[in-house]
Each structure stands twice: as C-alpha cells, then as structure tokens.
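Here the structure is laid out as structure tokens; the discussion comes afterwards.
No lab work stands behind these numbers, since they all come straight from the coordinates. Computed from a predicted structure; not experimentally measured. So basically every Cβ, Gly included, is an ideal-geometry build from the backbone, and we count neighbours across all protein chains shown.
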Amino acid sequence: MDGVVVFDGDDPNELADAPTSFVIGSGGERRAVDAAACADRSTVTREYTIRCATGERTTASWTGVPVTDLLDIVDAPAETTHFRVESEDGYAICVPVADALDGVVAFEGDGEQLRETRPYALRFLAGDIDGERLVKGIHRIDLLSLPADADPDRYETVTLDNPEYE
C-alpha cells in the first residue's frame with residue numbers, strides 16, 4: 001500500500017514532514033502510516049453522524065483510510081480483540097475490533113483537509129462509537145488481543161482530550 005513506511009520505534013515525528021502520519025502496531029510489529037499519502041488508492045469517503053455528549057448530532061462526510069486496511073498493514077492476527085486509538089495528548093480509547101471495522105482514520109471532513117481547518121490532522125470515526133470517543137489528533141493505534149476477562153477500560157485514558165479540539 002502506498003503511504004506505508006516501515007521504521008523502528010513508535011514516534012510518528014520521525015515522519016515530521018507528514019503531519020497526517022501515525023503509528024500502528026500489533027505485537028512487535030510497528031509501522032508508520034501517512035494517511036493522506038494513501039489518498040489515491042486506499043481511501044474511502046463515508047458519512048457518519050456524530051453524537052456528542054451534549055446530545056448534539058452532526059452529520060458529515062469523512063475521507064480516510066479504512067480500519068480494515070489498517071488491520072492488513074500490520075497483518076493483524078485473528079486473535080485481535082480490541083482497537084486502541086491514542087491522541088497526541090495521550091487521550092486513548094479501547095474498543096472491540098468489531099465496533100471499529102466500519103471505521104476510518106480520516107484526514108478530510110466534508111472535502112476539507114482537517115489539518116487546514118482544525119488543530120489536528122487526523123480523526124478516528126466509526127458508526128457505533130459515541131462522539132466523545134472518536135479520537136482527534138491521532139498519534140498511535142494499537143491492535144490488542146485481550147483475554148475474555150480483561151477490562152478494556154484499563155487501556156484507556158479519557159480525561160486528557162485537548163481543549164483546542166472541537
């Protein structure tokens with residue numbers, strides 16, 4: 001897939017010239033992905049209605065890399081149970097992979113580059129996940145294989161969302 005760069009480490013700043021980059025990992029494998037570089041080949045545009053904690057609903061078209069393609073990038077094992085998404089400021093969610101499968105890592109909203117209209121360049125969206133859990137300013141994605149009795153909330157940090165992110 002175009003836009004995929006293999007590197008050692010977990011700092012997307014190694015791709016500093018690509019503000020739409022993030023790291024995805026599964027087990028010991030890590031890859032840096034520049035979502036916008038995939039624009040010609042591996043992107044989709046999907047409409048999502050975001051349900052904010054305030055009760056407000058907003059519908060928009062979002063363009064980005066499908067979660068299913070991200071799973072292929074790191075050859076996600078069949079045992080993968082959860083999709084953990086972390087923002088640049090440490091805000092992180094951990095959702096069942098089944099809930100994330102219709103999702104995208106978006107770099108455009110309603111045809112506009114996020115990095116040009118927002119204080120962040122990437123956003124995770126998926127249909128069955130509440131708005132306050134749709135991570136903005138993505139830095140890292142981890143694919144986890146959690147045992148059935150594990151508490152996915154232990155892999156979350158949901159109190160740090162950057163106040164500049166609308």
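Can you give me the distance in nm between label points at Thr81 and Val44, each placed 7 Å from the Cα along the Cα-to-Cβ direction?
So the two model labels end up 2.5 nm from each other.
Express in whole angstrom the spacing between the alpha-carbon centres of segment 75-129 and segment 55-73.
Measuring centre to centre over Cα atoms gives 7 Å.
Between Glu29 and Ala150, 0.36 nm times their residue separation minus their Cα-Cα distance comes to what?
On the way: separation 121, 0.36 × 121 = 43.56 nm, distance 2.24 nm.
Result for the pair: 41.3 nm of gain on full extension.
For segment 59-66, in order, what is each residue's ³J(HN,Hα) by Karplus, 6.51 cos²θ - 1.76 cosθ + 1.60 with θ = phi - 60°, in whole Hz (x at glycine and Pro)?
10, 8, 9, 10, 10, x, 8, x
Between Arg51 and Thr117, what FRET efficiency follows from the Cβ-Cβ distance if R0 is 30 Å, with the result rounded to 0.05? Could the numbers behind the result be given before it?
Numbers: r = 21 Å, r/R0 = 0.71.
That pair, Arg51 with Thr117, gives E of 0.90.
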